Amino acid sequence: MDLSRRTLLKLLPAAGMLAACGKPSKIRLALNWKPDPEFGGFYAADFAKHGLDVELLPGGSGTPTVQMIGAGSSEFGIIEADELLLARTKGNDVVALYAAFQNSPLGIMAHGSRKLESIADLLKGGTLAIESGLPYARILQKKFGFDHVKVVPSPGGDLTTFLNDEKFAQQCFVTAEPLQARHKGVDVKVFPVSELGYNPYTTVLATSGDYLKKNPALVTNMVAAVREGWRAYLDNPAPTNEKMHGLNPSMDPASYAEIAEAQKPLIETGTLGKMTKERWETLAAQLKELGDIPSAPAAGDCFRDL
């Protein structure tokens, strides 16, 4: 299963021949949320150009994409890097192929009027709404303690309490809730979770080790299409935003454009989608220290550099 980039590239002509011989079979890509700018590059991708017939399956809260990949109910799926490590320790041979977000979009937002300078300052008082079961929340508690702050469950994207309570801080996507709060006239201060040193790849394209082994050229073409799709979306998101708005009209067109612009620094940090062994090793060590995984899987088994 340890196929090098060079070996995969040698197989590309074969993929083209297969595509030319007849209509390609349907390939499913399961998303872990509704169509929005987080998935812009996948919706912008020209899969047909690479001989692929891809169906994007929108998700929602709790969509089990990692289990779908393992069970074979979806050939590809969007997952998070820490989720992948947990799955592998439970016997799910899922492999990362492309990381859209190089830096995590997770953060904590507070009212700008509090004049907070750091996450440590934020934990000196008030209320913090956070998913306590997430690894970064436990790192936060271990590093600073929650003795002086009231911790309550995260309200998700609901800003009602935040807007009405200056001492209320909450978990957020730095590209989403802070923008919404500012539209409501509230100045916010955002602390990215990556500042804690916890920075897993997110919006990660993954497949199963078995599927990769049996379809190396197809997987390489899939990654190429996705990388081109993200390049196209970053350069000109408008056409794809219009497409996604048709699929998910719950967000207005202006928000699509604003979020697409806000997330660029989290995506464009070098070669699009590229992952490194060092980043996977760091994340695995953090999860092992937290007790989430009994041992750190070999980094080379977790991802492929295609």
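The values are calculated or read from the model by the stated rules, or taken from the named source; none is laboratory data. The structure presented is a predicted model; accordingly, all values stated were derived computationally and were not measured. Virtual Cβ from ideal backbone geometry, glycine too; neighbours counted across all protein chains shown.
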Any residue in the stretch 215-243 that's closer than 18 Å to T269 by Cβ: show its pairings with residues that are part of a loop (DSSP other than H, G, I, E, B) at Cβ separation under 6 Å, as long as the two are six or more apart or on different chains. V223/L306; V226/A45; R227/L272; G229/A45; W230/L272
Residue under question is L218, and the condition is that it be closer than 30 Å to M68 by Cα and at pLDDT 95 or above; does it hold? yes
Any residue that is more than 25 Å from P64 (Cβ to Cβ), buried (at least 22 other Cβ atoms within 10 Å of the Cβ) and under 21 Å from the mean Cα position of the chain (by Cα) - is there at least one of those in the stretch 199-213? no
Just one listed residue, out of A206, A169, A225, A181, is in contact with a Phe, Trp or Tyr (Cβ under 9 Å, 6 or more places away or on another chain), under 15 Å from A129 (Cα atoms) and hydrophobic (A, V, I, L, M, F, W, C), and it is A169
Is it the case, given these coordinates, that T175 is crowded, with 22+ Cβ neighbours inside 10 Å and in a loop (DSSP other than H, G, I, E, B)? yes
I'm trying to understand the selection: among the residues of the stretch 88-115, which are surrounded by fewer than 20 Cβ atoms within 10 Å (Cβ to Cβ) and of a type outside the set (D, E)? T89, K90, G91, N92, N103, G112, S113, R114, K115
K184 meets each of (1) surrounded by 21 or more Cβ atoms within 10 Å (Cβ to Cβ); (2) closer than 25 Å to P265 by Cα; (3) touching a Leu at 6+ places or on another chain (Cβ under 8 Å) with one exception, condition (1)
For the stretch 6-21, does any single residue satisfy the condition of being at pLDDT below 95, part of a helix (DSSP H, G or I) and hydroxyl-bearing (S, T, Y)? yes
Here are some residues: K124, K167, K142. Which one is outside the structural domain of L287 (by TED's automatic domain parsing) and under 27 Å from G62 (Cα atoms)? K142
Check the stretch 126-133 and report whether any residue there is surrounded by 16 or more Cβ atoms within 10 Å (Cβ to Cβ), modelled with pLDDT of 95 or more and within 25 Å of P35 (Cβ to Cβ). no
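Against the definition (among the acidic types (D, E) and surrounded by fewer than 19 Cβ atoms within 10 Å (Cβ to Cβ)), how does E195 come out, yes or no?
It is true that E195 is among the acidic types (D, E) and surrounded by fewer than 19 Cβ atoms within 10 Å (Cβ to Cβ).
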Please verify whether Q286 is over 28 Å from R28 (Cβ atoms) and either buried (at least 21 other Cβ atoms within 10 Å of the Cβ) or assigned by TED's automatic domain parsing to the domain that holds R182 (or both), treating the condition exactly as stated. yes
Note on the stretch 119-154: residues of a type in the set (S, T, Y) and assigned to a strand (DSSP E or B) are T127
Take the conditions more than 26 Å from T282 (Cα to Cα) and either in a helix (DSSP H, G or I) or basic (K, R) (or both) and apply them to A169. Does it pass? no
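Anything in the stretch 155-166 that is assigned to a helix (DSSP H, G or I) and surrounded by 16 or more Cβ atoms within 10 Å (Cβ to Cβ)? List them, or say none.
If the condition is that a residue be assigned to a helix (DSSP H, G or I) and surrounded by 16 or more Cβ atoms within 10 Å (Cβ to Cβ), then F162 is the only one that fits.
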Index of the failed condition, S61 passing every other in (1) assigned to a strand (DSSP E or B); (2) at pLDDT below 95; (3) hydroxyl-bearing (S, T, Y): (1)
Going through (1) under 15 Å from the mean Cα position of the chain (by Cα); (2) in a strand (DSSP E or B); (3) farther than 30 Å from V188 by Cβ one by one, E55 fails only at (1)
Identify the residue in the stretch 183-209 that is modelled with pLDDT under 95 and in a helix (DSSP H, G or I) and, among all such residues, is nearest to T220 (Cα to Cα). S194
